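In what follows, a structure is listed as structure tokens, so that the remarks can point back to it.
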Amino acid sequence: MAVQDKVRFAVVGAGHIGKRHAEMVSREDEAELVAMVDVRTKDECDATDFNVPFFTSIEELLNSGLEFDVVNVCTPNGLHAAQSVMALEAKKHVVVEKPMGLSKDNCEKVIFKSLQMSKHVFCVMQNRYSPPSEWIKSIVEDGILGDIFMVQLNCYWNRDERYYKAGGWKGTADLDGGTLFTQFSHFIDIMYWLFGDIDNIQGKFADFTHKDNTDFEDSGFVSFDFINGGMGSINYSTAVANQNLESSMTIIGKNGSVKIGGQYMNEVEVCNIKDYEMPTLKEANPANDYGPYKGSAANHNYVIKNVIDTIKGRTSATTNALEGLKVVEIIERIYKVRNEQLGLN
């Protein structure tokens with residue numbers, strides 16, 4: 001691709017996140033939105049602001065003869081892997097929303113196809129761009145905390161009947177996949193990004209308030225060891241009443257302790273490190289606003305910019321396909337423990 005050429009995007013899925021992708025593409029001087037796809041009409045999707053062709057399926061898009069470079073997969077979780085493979089077979093780069101798939105096996109098929117077709121797969125993990133995440137990555141990589149002893153990830157959110165609508169895909173085993181996939185994979189990604197893979201997984205799980213509107217648990221306590229040393233835990237729930245409570249990570253190291261907290265892990269609450277002065281961080285972007293409930297930070301502009309810069313040869317993917325697979329595989333292993341405990345195998 002010539003440096004002066006615009007990168008052309010087609011967005012598959014015109015829900016809240018798909019429209020955010022389309023908006024971020026539209027704002028970039030070096031990008032062009034050329035199509036959108038959804039099983040609903042443009043009016044039903046409230047996507048009339050986007051003056052581009054609107055297709056009813058990814059197959060219709062790929063068979064249309066329309067010229068474009070990138071497919072953004074923003075559909076329900078259970079469709080991500082198969083639609084990514086279809087786009088790669090059509091020789092398009094892929095931007096896939098989290099999770100990359102709902103199984104390691106499906107993610108491996110995406111990676112195989114991307115290598116076969118020599119095309120990029122970008123996994124959307126926009127929390128990596130938040131100032132606290134960038135800061136904590138630097139102090140872990142530079143060894144400022146020393147040996148890592150303990151890491152605790154707490155994710156306590158509200159998801160109730162306002163979110164799980166009757167007849168929708170959210171809450172279903174085949175299209176949603178589970179609380180860790182849909183709500184908290186961003187934070188598992190940050191943990192993996194910082195500390196690597198885990199082993200010796202143990203857990204306790206419960207479904208307190210979602211028996212009537214989801215196929216899976218809403219809460220869990222999970223403990224494990226990091227392969228690189230130290231131990232960790234993930235404590236999570238979507239049974240919090242009224243509104244989100246927190247998303248936080250506490251890290252205890254040989255040289256000190258830090259805690260990133262707030263509702264979306266967007267604030268540094270504690271920095272207590274020997275002979276270290278905390279720098280002033282730039283302000284974090286606000287959370288994604290879904291009306292009655294909130295989601296992770298609205299950093300999709302950085303994702304689209306990274307896609308453009310990578311395709312034009314200026315940089316590399318912020319979250320590559322192997323990292324996307326590892327997050328899915330970690331969740332899959334946690335859910336194996338859950339299934340054994342709850343007798344779901």
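Each residue in the stretch 235-256 was checked for being over 25 Å from Ile148 (Cβ atoms) and surrounded by fewer than 23 Cβ atoms within 10 Å (Cβ to Cβ), and 7 pass. Filtered by the rule that a residue be out of contact with any Phe, Trp or Tyr (no Cβ under 7 Å at 6 or more places or on another chain) and among the aliphatic types (A, V, I, L, M), the stretch 48-85 gives Val52, Ile58, Leu62, Leu66, Val71, Val73, Leu79, Ala81, Ala82, Val85. Here Ser57, Ser64, Ser84, Ser103 are screened, and the one residue that is of a type in the set (Ser, Thr, Tyr) and more than 24 Å from the chain's Cα centre (by Cα) is Ser64.
Please tell me if Asp212 is of a type in the set (D, E, K, R) and at pLDDT 95 or above.
No.
Taking (1) within 20 Å of Asp218 (Cβ to Cβ); (2) small (Gly, Ala, Ser); (3) at pLDDT 95 or above in turn, Gly324 satisfies each apart from (1). Scanning the stretch 1-60 for residues that are acidic (Asp, Glu) and surrounded by 15 or more Cβ atoms within 10 Å (Cβ to Cβ) returns Glu23, Glu28, Glu30, Glu32, Asp38. Just a yes or no: is a residue in the stretch 169-185 outside the structural domain of Gly78 (by TED's automatic domain parsing) and over 23 Å from Leu79 (Cβ atoms)? Checking the stretch 169-185: not a single residue is outside the structural domain of Gly78 (by TED's automatic domain parsing) and over 23 Å from Leu79 (Cβ atoms).
Listed here are the residues, each with its yes/no results for (1) in contact with a Ser or Thr (Cβ under 7 Å, 6 or more places away or on another chain); (2) of a type outside the set (Lys, Arg); (3) touching a residue at least 60 places away in the same chain (Cβ under 8 Å); (4) not assigned by TED's automatic domain parsing to the domain that holds Ser219.
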| position | (1), (2), (3), (4) |
| --- | --- |
| Ile111 | no, yes, yes, yes |
| Met117 | no, yes, no, yes |
| Ser133 | no, yes, yes, no |
| Gly143 | no, yes, no, no |
| Gly146 | no, yes, yes, no |
| Gln152 | yes, yes, yes, no |
| Tyr156 | yes, yes, yes, no |
| Arg159 | yes, no, yes, no |
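Among residues of the stretch 104-146 being crowded, with 19+ Cβ neighbours inside 10 Å and among the hydroxyl-bearing types (Ser, Thr, Tyr), the one that is farthest from Val303 (Cα to Cα) is Ser114. Residues of the stretch 57-72 include none that is over 26 Å from Met117 (Cα atoms), modelled with pLDDT of 95 or more, touching a helix residue (DSSP H, G or I) at 6+ places or on another chain (Cβ under 8 Å) and outside any helix (DSSP H, G or I).
Results for (1) closer than 25 Å to Val140 by Cα; (2) crowded, with 19+ Cβ neighbours inside 10 Å; (3) hydrophobic (A, V, I, L, M, F, W, C); (4) at pLDDT below 95, shown as yes or no for each residue.
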position	(1), (2), (3), (4)
Met265	yes, yes, yes, yes
Cys271	yes, no, yes, no
Lys274	yes, no, no, yes
Thr310	no, no, no, no
Tyr335	no, yes, no, no
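Looking across the stretch 171-209, the residues that are farther than 23 Å from Glu97 by Cβ and either at pLDDT below 95 or small (Gly, Ala, Ser) (or both) come down to Gly196, Gly203, Ala206. Candidates in the stretch 314-332 are the residues that are surrounded by fewer than 16 Cβ atoms within 10 Å (Cβ to Cβ) and either touching a residue at least 40 places away in the same chain (Cβ under 8 Å) or β-branched (Val, Ile, Thr) (or both); of these, the one that is nearest to Ser114 (Cα to Cα) is Leu322.
Within the stretch 84-92, can one find any residue that is surrounded by fewer than 17 Cβ atoms within 10 Å (Cβ to Cβ), more than 25 Å from Phe181 (Cα to Cα) and among the acidic types (Asp, Glu)? Yes, the stretch 84-92 contains at least one residue that is surrounded by fewer than 17 Cβ atoms within 10 Å (Cβ to Cβ), more than 25 Å from Phe181 (Cα to Cα) and among the acidic types (Asp, Glu). Look at Ile111 and say whether it is in a strand (DSSP E or B) and among the aliphatic types (A, V, I, L, M). In short, no.
The number of residues in the stretch 298-336 being of a type in the set (Gly, Ala, Ser) and under 17 Å from the mean Cα position of the chain (by Cα) comes to 4.
The values are calculated or read from the model by the stated rules, or taken from the named source; none is laboratory data. None of the values given here were measured: they were computed from a predicted structure. We place every Cβ from the backbone using ideal geometry, glycine too, and count neighbours over all the protein chains shown.
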